[in-house]
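For reference, the structure discussed in these notes is given below.
The values are calculated or read from the model by the stated rules, or taken from the named source; none is laboratory data. This structure is a prediction, so every number in the text was calculated from the model and none was measured. When we count neighbours, we look across all protein chains shown, and the Cβ atoms used for this are built from the backbone with ideal geometry, even at glycine. All accessible areas refer to the heavy atoms of the entire protein, side chains included, with ligands and DNA or RNA removed. Shrake-Rupley method; radii C 1.70, N 1.55, O 1.52, S 1.80 Å.
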Protein chains: 2
Amino acid sequence: MAIQKELLPKPVYLDKVQLADGFWGERQAVNRSRTIPAIYEQLQNTGRIDAWRMDPDRERPKPRSVIYMFWDSDTSKWLEAVGYSLHTHPDPALEQQADDLIDLMARAQQPDGYLNTYFGNLEPENRWRNLRDWHEMYNAGHLIEGAIAYYRATGKRTVLDVLARFADHIAARFGPNEGQQRGYPGHPELELALVRLYQETGDERYLALSKYFLDERGQEPHYFDLEAQARGEDPAGFWAQTYRYCQAHVPIREQTEATGHAVRACYLYAAIADVARETQDQELADLSRRLWDDLTRHQMYITGGLGPARSNEGFTFAYDLPNETAYAETCAGIALAFWAHRMFHLDPDRRYIDVMERALYNNVLAGVSFEGDQFFYANPLTAYPHVNPHEPLKGIHEAPHYRREEWFFCPCCPPNLARVVASIGGYFYSTTPDRLYVHLYNPNTARFELGGQAVEIEQQTEYPWDGTVQIAVRTENPAQFALALCVPGWCRSYTLVVNDEPQTLSPTNGYLLIERIWHEGDTVTLVLDMPVERMIAHPDIREDAGRIALQRGPVVYCLEEVDNGARLANVAIPGDAALQASFDPDLFGGVSVISGEAVRLEPDAWPGEMYQPRAVVASTPSQFRFKAIPYALWANREPGEMRVWIREI
Amino acid sequence: MAIQKELLPKPVYLDKVQLADGFWGERQAVNRSRTIPAIYEQLQNTGRIDAWRMDPDRERPKPRSVIYMFWDSDTSKWLEAVGYSLHTHPDPALEQQADDLIDLMARAQQPDGYLNTYFGNLEPENRWRNLRDWHEMYNAGHLIEGAIAYYRATGKRTVLDVLARFADHIAARFGPNEGQQRGYPGHPELELALVRLYQETGDERYLALSKYFLDERGQEPHYFDLEAQARGEDPAGFWAQTYRYCQAHVPIREQTEATGHAVRACYLYAAIADVARETQDQELADLSRRLWDDLTRHQMYITGGLGPARSNEGFTFAYDLPNETAYAETCAGIALAFWAHRMFHLDPDRRYIDVMERALYNNVLAGVSFEGDQFFYANPLTAYPHVNPHEPLKGIHEAPHYRREEWFFCPCCPPNLARVVASIGGYFYSTTPDRLYVHLYNPNTARFELGGQAVEIEQQTEYPWDGTVQIAVRTENPAQFALALCVPGWCRSYTLVVNDEPQTLSPTNGYLLIERIWHEGDTVTLVLDMPVERMIAHPDIREDAGRIALQRGPVVYCLEEVDNGARLANVAIPGDAALQASFDPDLFGGVSVISGEAVRLEPDAWPGEMYQPRAVVASTPSQFRFKAIPYALWANREPGEMRVWIREI
């Protein structure tokens, strides 16, 4: 099926979607009041703001670390979050803080357009000498995304112009033409940012450069080999030992599975989907689906987490999904949501939105504390207090895996979280001229142009704690369009009522298409049945054998020690135990919890040596009522054990 | 209870114990015919033999790696294995090979006694400058052990004299006195070797130096800090980040738990037990027991494996015993056996022998292939083909964890295995003047001086496949002594018959003490009941929850894919399944296997996405008869999955 871009839905930008309170409204309020200010304070305290002053006396950090080379991305993701937030929630003081930063950025730009606080100031001799490792293009991408968000929110062009100049510098320098440097980002990100810049400016050069970066990737002679040799280095000395790490082991059109560093992978794959759509490149679209199927059918945690391994912060092999040592970086879950969103706009099908929803409600939101100012980098599915399962020795990405931290030496995740939460409204809706897709459910009011009319939609719901969604349509004139309501993949039965009339629609590609002429005051009630589900994992996932995970709606649950006592490995849920969901108004401002009968299978006493014949150890199973809470909210109370996959007997 | 050295048992040296065939006899035959020659070939091919020529044109290896700095230990462990083997099985060609090596060693010694192929030749300026990392003392220790073994076997003094001169050099240079250098080995080994050299020569200086090394360890100001500063380095730059890695974080008498690198730990603890015994130091004896209890009650695999973590090749924290990522280095199991053997001679109790037996029959022997020429470095308790669970990126200790290798860049394990197997006879018996302890069972004939008489003992048994042991006593004159037969900890019932008369003895410290005047032709029959045991793990070992391991006698069993199909994680053994042991004469020359009813719990088909509500997945458990083989023999057939801890339902 050939791509016809003009027929594909477009995402509705967040400025059209005003979230009321509800689940996401509350998360956004915390993001504004706590997360965005907390990150700015960290940016200041760590010198990341001051770095933009390009002080010639700034000392080179010792030891030299790649972390310093991508400081700019941390700042620009914060700027991007600010842009989204200002768009729906004006805040003059915050805007001033951003404007001051932008002043510094504008002054930091070099006459040729180059912009980078590390290489521009500390190592100018090393500009563009190591695309593989040194993150200049990655920074550029994040700067561009931040600039667009800020410009769209405020209409102020300064930062957009600065970044367009930097993009022009890059577009002039890199490319396939005579006199141009080959190459592409070691850490993908610029590719998708260039598509956004193209979409914002209409300048085709940016799209062409993005496409060039994609197609040049992994070609022989290998650019990363050549640039290593130019630095006098042996390419075989690449620390990661394989270009699979950065998805450059073969040309992308030959790639068949998700590989390497999970964030790099999903940023790259998101760009592939973007370019496929924008250039109507069927081969890239097929590639996107191939990689999507591999990743979501073989390499994804039930939380939407990606990348089991710390060593490459990424993928290993199919079905290798250990729980306690899961890396499942917050940024990787975010990147997966980005990619999923783009896949829908290339191939309008609910299956992508299912994964986006899974990632957002679970892996992504677990990355930030309920109070909004502490963060997880890795998101294991089993945890023990005071245990870092990855290594007793510390590395740069080391943090305890049982409690969140205020910051990290490599702090990519906190500002990434801030921009996702601030822009969540942008993931709710997509439109074609005569169809409105509703992907996510949360109280909100949103405005669209549909069937040639200005239409407003208001959602009322307690989602994700309850499956009832009420939608009111407001339109001055009757408007003919299809309201396409997502029936999430987790939902096995539902009812639909339009203006009090029950409907018997079946979903098309996962959406109930309610095609009619809509009038002011029309109402739709969708009730998604939301029982507690005992989820089981594919039989090749050896870590989950004999275990269930509890899921209700899109929310994956976990047991915590504070509710269920220690030694959760010894807790089992009987196969016939009744499981009950109930709303606890006092827990985290009101969340649904799951309870039911469980058994603790432990010896009455242990005779001594570590291993004993079972025959000599007396054991009386003890029953108790377990309480499971949403996974994303774990580690917000006393530190203790946590477990998603629970034994079943 | 004060230590009274003269009352403590002494080990019976291997020259007094001639193994017949049987389990260990066969392992020794393979060790002689395959393992020892294969290792020599590797030593030659990798330049380790030639390194002793001290060729002034030898190039420095690049990159500089600590591995090259302990080449000498690989060669000297081979020499030690040769010594043991020659003692019971003369072999003129092998002896000539060793003599040729010893000629090189003698010529390599420097006028001041210093001996090291790396620092003596390639970096003389760096002699003794980094005791923490550079292994000079570790090499010295292994050279001494090798020299003693070879001297005892052949009576040739050359190598013993060379090493005594090197030991004198070290004793002169290091110590607490004015003008002496402080310090102690970063990798313990020399400490226990010096005690052996003292026992061999009677020279008290060696014992004193060993004791000095022990007591200096971890004292402040910290020697490893001082020497780092002397090299112009920041001590905080120590790669392992903590002196727990080398058991030097606090003075040893203040240590309370087994820490750090597992091989270093057990070599050190073995030396502590030795020095406690030789110097009758009660505090060191108490320390030994404290460390022993910590390690064996909190940090040991059921296979006798030690050290779950690859990052430090060692310990993490109590009850942290993951199976698939278990490092459980072969050398660590060997070191545990060494330590256990010494603990018995400090505190004559079967509990040490139980651990020694557990390590030898399981973790240690798993380290070498049935054919004798391939080796495991790490010994996981769960394995998947083509999976290296530790890291997708390679490090120096990387090897696949599902099949053995012919050699390693860091090949400490193969020659360690060779010396243990060659000297296994030395672990069978201990004596006091009027008591003969029998620790291990295997066909053998052994000679002792007991009750003032020359006594010979002959064992006949199919152990470990059968629990019946027949012992014949031969003595020209009646001899009064106690025959002390070990009733292993795994054994829950037994019968004892002396000269056809049933006995009703109870064990004392784990040994049946048969006190009588023995006459020529007296016979003893001990029958150790050896049912299949379903072993369970301490309830704090989270990885083993809901699982059993099969053990029979000292042998731990495992399931392999070749016998039981793939996806072993989905295999469960019903709690009431009958388990049968049977002898399979065609498998690995004859071993006992365990079989019984098992269930494979898998969905009939998988509907698609990775995670599904259990309600929608049909599942029909399929029964089959499982077959478990001794863990030590896994990975000798087609590569496939392996699992020790099996689900129980």
For residues that are touching a Pro at 6+ places or on another chain (Cβ under 9 Å), more than 13 Å from chain B (Cβ to nearest Cβ) and not small (Gly, Ala, Ser), tally how many sit in segment A:312-341.
2
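Could you pull out the residue among A:GLU648, A:GLU609 that is within 14 Å of another protein chain (Cβ to nearest Cβ), at pLDDT below 95 and touching a Gly at 6+ places or on another chain (Cβ under 9 Å)? Spell out how you get there, then give the answer.
Numbers: A:GLU648 fails: at pLDDT below 95.
Just one listed residue meets the conditions, A:GLU609.
Answer with yes or no whether B:ALA635 is more than 12 Å from chain A (Cβ to nearest Cβ), touching a residue at least 60 places away in the same chain (Cβ under 8 Å) and assigned to a strand (DSSP E or B).
Working: more than 12 Å from chain A (Cβ to nearest Cβ): yes; touching a residue at least 60 places away in the same chain (Cβ under 8 Å): yes; assigned to a strand (DSSP E or B): no.
When the stated conditions are applied, B:ALA635 does not pass them.
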In the list B:GLU501, B:GLU458, which residue meets the criterion of being out of contact with any Leu (no Cβ under 7 Å at 6 or more places or on another chain) and either closer than 30 Å to B:ALA632 by Cα or in the same structural domain as B:GLU357 (by TED's automatic domain parsing) (or both)?
B:GLU458
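Under the condition of being of a type in the set (Asp, Glu) and within 30 Å of A:GLY451 (Cβ to Cβ), which residue from segment A:497-544 is farthest from the other protein chains (Cβ to nearest Cβ)?
Applying the first criterion (of a type in the set (Asp, Glu)) to segment A:497-544 yields A:500-501, A:515, A:520, A:522, A:529, A:533, A:540, A:543-544.
From what is left, the residues that are within 30 Å of A:GLY451 (Cβ to Cβ) are A:500-501, A:515, A:520, A:522.
Numbers: A:ASP500: 31, A:GLU501: 30, A:GLU515: 28, A:GLU520: 40, A:ASP522: 34 Å.
Across segment A:497-544, the extreme among qualifying residues is A:GLU520.
One line per residue, one yes/no per condition, for (1) in a loop (DSSP other than H, G, I, E, B); (2) under 24 Å from B:TRP52 (Cβ atoms); (3) free of Cβ contacts under 8 Å to residues at least 12 places away in the same chain:
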{"residue": "B:TYR151", "(1), (2), (3)": "no, yes, no"}
{"residue": "B:LYS156", "(1), (2), (3)": "yes, yes, no"}
{"residue": "B:ASP161", "(1), (2), (3)": "no, yes, yes"}
{"residue": "B:PRO185", "(1), (2), (3)": "yes, yes, no"}
{"residue": "B:LEU194", "(1), (2), (3)": "no, yes, no"}
Output the qualifying pairs, or none if there are none: Cβ atoms under 8 angstrom, residues six or more apart or on different chains, first residue in segment B:109-125 and of a type in the set (Asp, Glu), second residue surrounded by fewer than 16 Cβ atoms within 10 Å (Cβ to Cβ) and part of a loop (DSSP other than H, G, I, E, B).
B:GLU123/B:ARG60
All but one of (1) outside any helix (DSSP H, G or I); (2) touching a helix residue (DSSP H, G or I) at 6+ places or on another chain (Cβ under 8 Å); (3) at pLDDT 95 or above hold for A:GLN219, so report the exception by its number.
(2)
Out of the residues in segment B:39-77 that are aliphatic (A, V, I, L, M) and part of a helix (DSSP H, G or I), which is most open to solvent (accessible area, probe 1.4 Å)?
B:VAL66
Across (1) open to solvent by less than 20 Å² (accessible area, probe 1.4 Å); (2) at negative phi, B:TRP128 clears everything bar (2)
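Take the residues in segment A:95-123 that are in a loop (DSSP other than H, G, I, E, B) and more than 16 Å from A:ARG58 (Cα to Cα), then tell me which one is nearest to the chain's Cα centre (by Cα). Give the steps one after another, and end with the answer.
Applying the first criterion (in a loop (DSSP other than H, G, I, E, B)) to segment A:95-123 yields A:109-123.
Then drop every residue that is not more than 16 Å from A:ARG58 (Cα to Cα), which leaves A:109-115.
Details: A:GLN109: 30, A:GLN110: 33, A:PRO111: 35, A:ASP112: 34, A:GLY113: 31, A:TYR114: 29, A:LEU115: 27 Å.
Filtering first and then ranking leaves A:LEU115.
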Criterion (of a type in the set (A, V, I, L, M) and at positive phi) met by exactly one of A:ALA605, A:ALA615, A:ALA635:
A:ALA635
Check whether at least one residue in segment B:270-293 is away from chain A (no Cβ under 14 Å), outside any helix (DSSP H, G or I) and open to solvent by less than 10 Å² (accessible area, probe 1.4 Å), and report yes or no.
no
First in segment B:50-61 and of a type outside the set (Lys, Arg), second anywhere and modelled with pLDDT of 95 or more and not in a helix (DSSP H, G or I), Cβ under 7 Å, 6 or more apart
B:ALA51/B:THR117; B:TRP52/B:THR117; B:MET54/B:THR117; B:MET54/B:GLY120; B:MET54/B:ASN121
Out of all the residues in segment B:201-227, which are in contact (Cβ under 8 Å) with a residue 40 or more places away in the chain and open to solvent by 60 Å² or more (accessible area, probe 1.4 Å)?
B:LYS211, B:LEU226
When you scan segment B:510-574 for strands (runs of 3 or more DSSP E) that lie fully inside it, which ones turn up with 2 or more residues that are in contact (Cβ under 8 Å) with a residue 40 or more places away in the chain and of a type in the set (Ser, Thr, Tyr)?
B:523-528
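Any residue in segment B:577-594 that is within 13 Å of chain A (Cβ to nearest Cβ), open to solvent by less than 70 Å² (accessible area, probe 1.4 Å) and farther than 20 Å from B:ALA383 by Cα?
Looking only at segment B:577-594, we keep the residues that are within 13 Å of chain A (Cβ to nearest Cβ), and these are B:577, B:579.
After this cut, where a residue has to be open to solvent by less than 70 Å² (accessible area, probe 1.4 Å) as well, the list is B:577, B:579.
Of the ones still in play, those that are also farther than 20 Å from B:ALA383 by Cα are B:577, B:579.
Within segment B:577-594, one or more residues are within 13 Å of chain A (Cβ to nearest Cβ), open to solvent by less than 70 Å² (accessible area, probe 1.4 Å) and farther than 20 Å from B:ALA383 by Cα.
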Take the residues in segment B:595-606 that are facing chain A (nearest Cβ under 9 Å) and open to solvent by less than 40 Å² (accessible area, probe 1.4 Å); name whichever of them is nearest to A:ALA545 (Cα to Cα).
B:GLU602
Would you be able to say whether some residue in segment A:310-326 is open to solvent by 10 Å² or more (accessible area, probe 1.4 Å) and either within 30 Å of A:GLY25 (Cα to Cα) or of a type in the set (Lys, Arg) (or both)?
yes
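Could you please let me know if B:GLU80 is of a type in the set (Asp, Glu), at pLDDT 95 or above and more than 26 Å from B:ASP99 (Cα to Cα)? Break it down into steps so the answer makes sense when it comes.
Values: of a type in the set (Asp, Glu): yes; at pLDDT 95 or above: yes; more than 26 Å from B:ASP99 (Cα to Cα): no.
For B:GLU80, the condition - of a type in the set (Asp, Glu), at pLDDT 95 or above and more than 26 Å from B:ASP99 (Cα to Cα) - is not met.
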Give me a count of the residues in segment A:228-264 that are open to solvent by 10 Å² or more (accessible area, probe 1.4 Å), part of a helix (DSSP H, G or I) and either closer than 15 Å to A:ARG132 by Cα or without any contact (Cβ under 8 Å) to a residue 12 or more places away in the chain (or both).
9
Would you be able to tell me the number of residues in segment B:611-639 that are touching a strand residue (DSSP E or B) at 6+ places or on another chain (Cβ under 6 Å) and crowded, with 19+ Cβ neighbours inside 10 Å?
8
Applying the selection to segment B:78-97, what residues are surrounded by fewer than 24 Cβ atoms within 10 Å (Cβ to Cβ) and touching a Ser or Thr at 6+ places or on another chain (Cβ under 8 Å)?
B:LEU86, B:ASP91, B:LEU94, B:GLU95
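Do we find that B:GLN580 is of a type in the set (S, T, N, Q), over 34 Å from the mean Cα position of the chain (by Cα) and not in a loop (DSSP other than H, G, I, E, B) in this structure?
no
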Tell me, which residue of segment B:545-557 that is buried (at least 24 other Cβ atoms within 10 Å of the Cβ) and under 25 Å from A:ALA572 (Cα atoms) is farthest from the other protein chains (Cβ to nearest Cβ)?
B:LEU550
